[in-house]
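Down below is the structure, laid out as structure tokens.
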Amino acid sequence: MSEVLVLYYSRHGATQEMAQLVARGVEKVTGMTALLRTVPEISTVCEAIKSSVPDQGAPYVSSDDLVRCQGLVLGSPTRFGNMAAPMKHFIDSTSANWMSGHLSGKPAGLFTSASSLHGGHESTLLSMMIPLLHHGMLIVGTPYSEAELITTTTGGTPYGPSHFAGKESNYPLSQDEKNLCIAMGQRVAEVAKKLS
Ligand SMILES: Cc1cc2nc3c(=O)[nH]c(=O)nc-3n(C[C@H](O)[C@H](O)[C@H](O)COP(=O)(O)O)c2cc1C
């Protein structure tokens with residue numbers, strides 16, 4: 001089986017649910033499997049070192065996951081129109097993978113969750129593409145052939161799936177948002193399969 005790494009950070013659970021749907025999309029493609037991984041929290045104050053296994057959710061990502069995957073789908077909550085610091089912190093630790101070209105030529109997709117409908121879904125997704133382009137990845141978006149992209153009244157963008165989570169970050173994913181997550185996972189897996 002070839003693997004697509006579905007790497008996410010989530011505090012309230014929405015981005016985690018999106019990641020699980022993306023993984024379901026990956027596994028719709030014969031011969032492809034999803035590797036679900038997360039990143040640890042970070043802190044500006046000195047804390048005890050995190051255990052190597054998270055209390056809940058997916059295992060923490062390792063540098064080796066970037067080597068073995070055939071594609072990557074990266075998800076983060078929107079934070080001031082950009083990705084969350086724990087995800088950026090992980091990306092900033094990938095210089096050895098960058099120098100070795102481990103991600104170069106592999107497909108990548110992005111997804112995000114945001115409290116407000118116009119609070120930076122697109123800017124987060126676009127800015128998350130930048131380090132992946134530096135890694136030489138081939139960015140995969142969501143085409144308008146996905147009908148939900150036109151009809152959605154919640155999240156969903158051509159730059160990748162998104163979720164409108166509401167002020168208290170407690171709105172459930174809409175059916176359109178769910179379908180677009182699955183479609184993204186499937187699309188990245190199909191491209192990865194063709195390229196590998
Ligand atoms: C520091 C901080 C900054 C945030 N910035 C934004 C923002 O720019 N736009 C927005 O719509 N939501 C913003 N949010 C809300 C989160 O994006 C939202 O709660 C998200 O859906 C959480 O995803 P999760 O359930 O995966 O943790 C922010 C939240 C925090 C804590």
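The values are calculated or read from the model by the stated rules, or taken from the named source; none is laboratory data. What you see is a predicted model, and the numbers here were worked out from it, not measured in a lab. Note that we place each Cβ from the backbone using ideal geometry, even for glycine, and neighbour counts take in every protein chain shown. Only protein heavy atoms, including side chains, enter the accessible area calculation; ligands, DNA and RNA are left aside. Shrake-Rupley method; radii C 1.70, N 1.55, O 1.52, S 1.80 Å.
A few comments on the model shown:
- Phi to ³J(HN,Hα) by Karplus 6.51 cos²θ - 1.76 cosθ + 1.60 over segment 116-130, Hz, x for Gly, Pro: 10, 5, 10, x, x, 4, 5, 5, 5, 5, 5, 6, 5, 6, 4
- Scanning residues 5 or more positions from residue 8 or on other chains, those with amide H under 5 Å from its amide H are 37, 38, 39, 75, with H placed 1.01 Å from N in the peptide plane.
- Computed over neighbours whose Cβ is under 11 Å from that of residue 180, the net charge equals -2, Lys and Arg +1, Asp and Glu -1.
- Amide H contacts of residue 71: 5, each under 5 Å away and 5 or more positions distant or on a separate chain (H built 1.01 Å from N in the peptide plane; Pro and chain starts excluded).
- Straightening the chain between residue 98 and residue 45 buys 16.2 nm, computed as 0.36 nm per residue apart minus the Cα-Cα spacing.
- Backbone geometry of segment 64-77 corresponds, through the Karplus equation with coefficients 6.51, -1.76 and 1.60 at θ = phi - 60°, to 3J(HN,Hα) couplings of 5, 4, 6, 6, 7, 6, 9, x, 9, 10, 10, x, 8, x Hz, x marking Gly and Pro.
- Filtered chymotrypsin sites (Phe, Trp or Tyr not before Pro), segment 1-109: DSSP coil and at most 16 other beta carbons within 10 Å: 80
- Sparse-neighbour loop sites [GluC sites (Glu not before Pro); segment 118-196; at most 15 other C-beta within 10 Å; DSSP]: 168
- Cα gyration tensor shape of segment 41-196, rounded if a/c is under 1.5, else prolate or oblate by comparing a/b with b/c: oblate
- Database remark: amide H of residue 113 closer than 5 angstrom to the amide H of 76, 78, 163 (H placed geometrically; neighbours at sequence offset of 5 or more, or on other chains; Pro and chain starts carry no H).
- Here residue 53 and residue 118 are evaluated by their C-beta separation; at R0 = 35 Å the FRET efficiency comes out at 0.40.
- Inter-label distance for residue 175 and residue 11, nm, one decimal - labels placed 7 Å from Cα along Cα-to-Cβ: 3.2 nm
- Normalised per residue, the accessible area of the chain is 49 Å², obtained with a 1.4 Å probe and no contribution from ligands, DNA or RNA.
- Summing Lys and Arg as +1 and Asp and Glu as -1 over all other residues whose Cβ lies under 14 Å from the Cβ of residue 107 gives a net charge of +2.
- Accessible surface of the chain [probe 1.4 Å, protein heavy atoms]: carbon and sulfur percent: 53 percent
- 3J(HN,Hα) along segment 151-166: 8, 4, 10, 10, x, x, 9, x, 8, x, x, 9, 10, 8, 8, x Hz, from the Karplus curve 6.51 cos²θ - 1.76 cosθ + 1.60 with θ = phi - 60°, whole Hz, x for Gly and Pro.
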